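Here's a structure for you.
The values are calculated or read from the model by the stated rules, or taken from the named source; none is laboratory data. In this text, all values refer to a predicted model and were calculated from it rather than measured experimentally. Cβ placement follows ideal geometry from the backbone for every residue including glycine, while neighbour counts extend to all protein chains displayed. These accessible areas exclude ligands, DNA and RNA; they are computed on the full protein's heavy atoms, side chains included. Shrake-Rupley method; radii C 1.70, N 1.55, O 1.52, S 1.80 Å.
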Amino acid sequence: MNINEPPDPQLNLWATIAFFLRFHRLQHGQTGDTVARWLNRSRSSISRLESGESQLKESEAAVLDAKWNTGGQFAILLWFARLGHDPNWNKNYLAFEERSSEMRTYDGQLIPALFQTPEYARALLLAGRPKNLEKTVEARMARQTILHRPDPPEVWVLLAETVLGPHVGGPSVMREQIAHLVRLSQLPNVILRIVPNNAGANEGLDGPFKVLKVKEGEIGYLVAPNGGRLELDAEEVAGLRNRFDRIGAMALPVELSRALLEDTMEHMS
């Protein structure tokens, strides 16, 4: 998308906010520099707001509503955007994933999509009864090329030991899946660590999440059943990054993590 063009306001509520921010600014004949002064932001961050790359804060919504006499439009849209589920969550997330330079991901129930074998992915997806199983599996496998491209992202992976428990697809499929994790853990751009069961209570129990670094900054992604939520607010993303680090403090070192994977394979019935 051209950063000088607003996103489609029907994409989601965050795109609606971005669209109307630019709409009101142009209707009032004001520059991005003017809005930047109002919000105490840089000019480039206003471009990010108008392109949907960044999210408006409550205090900023109040300023814009007052300056443009909108009747509270931005505050109302922001309230609903934070409550709502993004119907285009997958498409939006994948766009960031494709151009990320760093990825941090925590999972406590399933092997993350970028690390799944075709058989594991097929068995997992089959349980959800997709309309086109093979096409969905192929699309998931295609995403994994990002790990092997000439300039791959640096990927930090934290997996709870519990992801190794369910024999998704049966013992043979799960054994090959774990072997695949061992192989991937040996890539120079992949740092894979296991949070052992004896680590006890930790913030990973709240659910899976990701933090991606792209050219514009960092974005967060909170995983949920049948959906997910992108987090673009800098403070919220920093909170997710800190959560990742705290969980990581309870994880095994890389070599011991690999040894645990190999031991799990050995003892699978």
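Could you give the nm distance between label points at residue 176 and residue 62, where each point is 7 Å from its Cα heading toward the beta carbon?
5.8
With every protein chain in place, what's the accessible area of residue 8 (1.4 Å probe, Å², nearest 10)?
90
Over 32 Å between Cα atoms, which of 57/131; 135/210; 57/210 qualify?
Beyond 32 Å: 57/131.
Separation between the residue 28 and residue 143 pseudo-spin-labels, each 7 Å from Cα along Cα→Cβ, expressed in nm?
Placing both labels 7 Å beyond Cα along the Cβ direction yields 4.0 nm.
Okay, next question. Where only protein heavy atoms count, and the probe is 1.4 Å, what is the accessible area per residue for segment 111-269 in Å²?
Spelled out: the 1.4 Å probe surface of segment 111-269, per residue, equals 50 Å².
If the elastic network links every pair of Cα atoms under 10 Å, which of 204, 165, 71 fluctuates the most in the Gaussian network model of the chain?
Of 204, 165, 71, the most mobile in the Gaussian network model is 71.
Divide by every residue of the chain the summed helix terms, -39500 (n - 2.57) for each DSSP H run of at least 4, and state the resulting mean residue ellipticity at 222 nm, rounded to the nearest 500 deg cm²/dmol.
For the chain, the value works out to -14500 deg cm²/dmol.
Okay, moving on. To one decimal place, what Kirkwood hydrodynamic radius in Å is obtained for the chain from all pairs of distinct Cα atoms?
It works out to 20.4 Å.
With the full set of protein chains in place, find how many percent of the accessible area of the chain is carbon and sulfur; take the probe as 1.4 Å.
54
How much accessible area does residue 223 have with a 1.4 Å probe, in Å² rounded to the nearest 10?
Estimated to the nearest 10 Å², residue 223 gives 60 Å².
Can you compute the charge dipole magnitude of the chain about its Cα centre, using +1 on each Lys and Arg Cβ and -1 on each Asp and Glu Cβ, nothing else charged? Give it in debye, rounded to the nearest 20.
480
Just want to confirm a number: the relative contact order over the chain, from Cα pairs under 8 angstrom separated by 6+ residues, in percent.
About 19 percent, as a whole number.
Below 8 Å, C-alpha to C-alpha, sequence gap of six or more: please give me the relative contact order for segment 158-198 in percent.
Across segment 158-198, relative contact order equals 64 percent.
What is the magnitude of the charge dipole of segment 101-192 about its Cα centre, with +1 placed on the Cβ of each Lys and Arg, -1 on the Cβ of each Asp and Glu, and no other charges, expressed in debye to the nearest 20?
That gives a dipole near 320 debye.
Go through 59, 93, 24 and say which Cα lies farthest out towards the positive end of the charge dipole of segment 10-157; charges sit on Cβ, +1 for Lys and Arg, -1 for Asp and Glu.
Working it through, the farthest residue towards the positive pole turns out to be 24.
Determine how many Å³ per residue the convex hull of the Cα atoms of segment 48-157 encloses.
Roughly 153 Å³ of hull volume per residue.
How large is Rg/Rh for segment 1-72, to two decimals, with Cα atoms and a Kirkwood Rh?
Over the Cα atoms of segment 1-72, Rg/Rh equals 0.92.
So, one more: Sort out for me the Cα centre separation of segment 128-155 from segment 242-268, rounded to whole Å.
24
If you filter segment 104-179 for trypsin sites (Lys or Arg not before Pro), then keep DSSP loop positions with at most 15 other Cβ within 10 Å, what is left?
131
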